[in-house]
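Worksheet for the structure shown next.
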Amino acid sequence: MPLHATVPVIDVRRLALRDRHPLVFSTFVALAPGASMELLNDLDTDPLHQSFQVALPGKFGWEVLEGGPEVWRVRITRQPGGIRHDGYDAA
């Protein structure tokens, strides 16, 4: 990634639980291949990681930057490959 590129930071800590996963997935799908976003959460991100593994196997990178217990920070990178507009694997 070029040095001048900004990584969007998605802070879901103040959102209702039902709104968190849809926002993260829609933000991820909008990323260009190879681009990353950073997620800030006040809950363990393992369930979200599992959702990504089911919906987008091999289409993302997942790097835990901070693993709780107060804040979870994760860098999610979009890998090259087909992703449909709804966020699911096109293959």
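Coordinate-derived values only; no laboratory data. As the structure is a prediction and not an experimental result, all values here were calculated from the model. Using ideal geometry, Cβ is built from the backbone for each residue, glycine included, and neighbour counts are taken over all protein chains shown.
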Note to self: Please count how many residues of the stretch 8-35 are farther than 16 Å from Val71 by Cβ, touching a strand residue (DSSP E or B) at 6+ places or on another chain (Cβ under 8 Å) and surrounded by 13 or more Cβ atoms within 10 Å (Cβ to Cβ).
What the structure shows: 7
Next item on the list: Select from the stretch 1-35 the residues that are in a strand (DSSP E or B) and either under 22 Å from Gln79 (Cβ atoms) or not charged (D, E, K, R) (or both) and list them in ascending order.
Entry: Val9, Ile10
